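Scroll down for the structure; my scribbles are underneath it.
The values are calculated or read from the model by the stated rules, or taken from the named source; none is laboratory data. Note that the structure is a prediction, hence the values are computed from the model and not measured. Heads up, the Cβs are rebuilt from the backbone with ideal geometry, glycines too, and the neighbour counts pull from every protein chain shown. The accessibility values were calculated without ligands, DNA or RNA, using every heavy atom of the protein model including side chains. Shrake-Rupley method; radii C 1.70, N 1.55, O 1.52, S 1.80 Å.
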Protein chains: 2
Amino acid sequence: MKLLLASTSTLHGGTYLDYLKSSIRKLFSGCSRLVFVPYARPGGRSASEYSEMAEARFKEFGLELRGLEQFEDPIRAIESADGVFTGGGNSFVLLKTLQEAGLLEPLRNRIRQGCPYMGSSAGSNLAGLTIGTTNDMPIVHPKHLDALGLVPFNINPHYLDPDPNSHHMGETRETRIREFHVFNPQPVLGLRESSWLEVDDERIELHGPLNARLFVRGQEPVECPAGLLALPRF
Amino acid sequence: MKLLLASTSTLHGGTYLDYLKSSIRKLFSGCSRLVFVPYARPGGRSASEYSEMAEARFKEFGLELRGLEQFEDPIRAIESADGVFTGGGNSFVLLKTLQEAGLLEPLRNRIRQGCPYMGSSAGSNLAGLTIGTTNDMPIVHPKHLDALGLVPFNINPHYLDPDPNSHHMGETRETRIREFHVFNPQPVLGLRESSWLEVDDERIELHGPLNARLFVRGQEPVECPAGLLALPRF
């Protein structure tokens, strides 16, 4: 199983996927049937608008990508893909669309067979056990929150540290994740922007200039430096 | 129908409910069977811990409040309440608990009969049409997102303006609400911290030092000053 799971598609001041270029080329090297999952629809744009954007960018990287909405039989498209990229946006919209199209199971199977998978933001969230640690608004209501479960934990993308100067009284991200653990057992990895994971079967490596923050139920959160991640069984 | 719907229970640097004291006293004046709905469980605390906190504060305001978890028959407690306060926390946990206990309909009926209702944060979110504009994490999965529908719009509590100095690439609150409107027709009222609504049947008044931000599908958002709110039919 080969995964690339990024906290964000775009760094502040950067361009779409630019900082991930070499990792993307490495992950998808030699792939000719690359499929894009556009269903998170950031900003509410249509699936085809979103696919156009991702396809154009991948073309600049020398990779041919095709949006899933262009296939008459999306399940077959997934089953015969040799690479899949799920873009960011709204995790609820993404999951609900995949559920209704019956695509979750085929996608999970295909990736477990070795088809390289890349996700950014909501697409990374989808690779965890559930989307229960998304930052998104529940603008639609999926049947359940179970995700692909490609890694044995939940991901919180765009992880944000508390701002000591803030006067805002809404919950911090850390408080939200602690509340998650009152009701859910699995570890949660807070992936800060500019961080990404590279997964090669059981081997999970953190990349980028920042630590990730790991939340294990009943324990104090810990900072994980770049490199191999040591994850607890739960 | 008499409602007090606050964006937040506590102002930065303030104490619990302090800034709402005179509005609370006015709303619940003469009420002797005041019930607290503790199910949003902020910070994951137990219902009884949360009720103790709210009861103690109300006592200081000269009001006797009793947590719903203390009643053998919570439905009857709601049906005979002469005032209800739902505290903030996690909107998903709040709604799911109310759904499972069969409390949504009795609560809605009782408030429509004229029983004064106060909500803060998640408790205000609950007064809208759905909880689809909550900022909370989906740490549990309710059956549906339909809320009490006491006002003809959705509420976004703790509304936050975009920070021009932020380098964070996660969606702004405004972007999230615009995405909500791709999938949902109802107006959304962004209630900034320190703002609250006082509702007297059809009459909806904004209170506090700040404007609220009103999002109507297909239109540019508008700033609403304190005073009577003019809301579009949708």
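Filter segment A:178-196 down to residues that are closer than 29 Å to A:Leu17 by Cβ and assigned to a loop (DSSP other than H, G, I, E, B) and give me whichever is farthest from the other protein chains (Cβ to nearest Cβ). Step by step, filter segment A:178-196, then rank; the result is A:Pro187.
Here A:Leu148 meets each of (1) more than 14 Å from chain B (Cβ to nearest Cβ); (2) closer than 27 Å to A:Asp200 by Cβ; (3) surrounded by fewer than 20 Cβ atoms within 10 Å (Cβ to Cβ) with one exception, condition (3).
The number of residues in segment A:162-195 being touching a Leu at 6+ places or on another chain (Cβ under 9 Å) and of a type in the set (Val, Ile, Thr) comes to 2. If only residues of segment B:94-105 that are in contact with a helix residue (DSSP H, G or I) (Cβ under 7 Å, 6 or more places away or on another chain) and open to solvent by less than 10 Å² (accessible area, probe 1.4 Å) are counted, the one that is nearest to the other protein chains (Cβ to nearest Cβ) is B:Leu94.
Could you check segment A:125-147 and list, in sequence order, the residues that are among the acidic types (Asp, Glu) and under 14 Å from A:Arg108 (Cβ atoms)? Reasoning before the result, please.
Here is the first cut: in segment A:125-147, the ones among the acidic types (Asp, Glu) are A:136, A:146.
Once the filter is applied, which keeps residues that are among the acidic types (Asp, Glu) and under 14 Å from A:Arg108 (Cβ atoms), segment A:125-147 yields only A:Asp146.
Every residue in segment B:34-48 that is in a helix (DSSP H, G or I) and either under 18 Å from B:Leu103 (Cα atoms) or more than 12 Å from chain A (Cβ to nearest Cβ) (or both), please.
Here is the first cut: in segment B:34-48, the ones in a helix (DSSP H, G or I) are B:42-44, B:47-48.
Once the filter is applied, which keeps residues that are in a helix (DSSP H, G or I) and either under 18 Å from B:Leu103 (Cα atoms) or more than 12 Å from chain A (Cβ to nearest Cβ) (or both), segment B:34-48 yields B:Ala47, B:Ser48.
Screening segment A:151-162 for residues that are open to solvent by less than 20 Å² (accessible area, probe 1.4 Å) and part of a loop (DSSP other than H, G, I, E, B) and picking the one that is nearest to the other protein chains (Cβ to nearest Cβ) gives A:Phe153.
When B:Asp200 is tested against (1) over 21 Å from B:Thr130 (Cα atoms); (2) in contact with a strand residue (DSSP E or B) (Cβ under 9 Å, 6 or more places away or on another chain), just one condition goes unmet, and that condition is (1). Scanning segment A:2-30 for residues that are at pLDDT below 95 and more than 14 Å from every other protein chain (Cβ to nearest Cβ) returns a single hit, A:Gly30.
Taking the criterion of being facing chain B (nearest Cβ under 10 Å) and open to solvent by 10 Å² or more (accessible area, probe 1.4 Å), the residues of segment A:115-141 that qualify are A:Ser121, A:Thr130, A:Asn135, A:Asp136, A:Val140, A:His141.
In the condition set (1) under 24 Å from A:Lys21 (Cβ atoms); (2) free of Cβ contacts under 8 Å to residues at least 60 places away in the same chain, A:Gly123 is compliant with all but (2).
Inside segment B:1-22, can you point out the residues that are among the hydroxyl-bearing types (Ser, Thr, Tyr) and either part of a loop (DSSP other than H, G, I, E, B) or under 15 Å from the mean Cα position of the chain (by Cα) (or both)?
As a first pass, look at segment B:1-22 and keep what is among the hydroxyl-bearing types (Ser, Thr, Tyr): B:7-10, B:15-16, B:19, B:22.
The answer is B:Ser7, B:Thr8, B:Ser9, B:Thr10, B:Thr15, B:Tyr16.
Taking every residue in segment B:163-177 that is at the interface with chain A (Cβ under 8 Å from one of its Cβ atoms) and pairing it with any residue that is assigned to a helix (DSSP H, G or I), at least 6 positions away or on another chain, the pairs with Cβ-Cβ distances below 8 Å are B:Glu171/A:Pro42; B:Glu171/B:Glu179; B:Thr175/A:Gly43.
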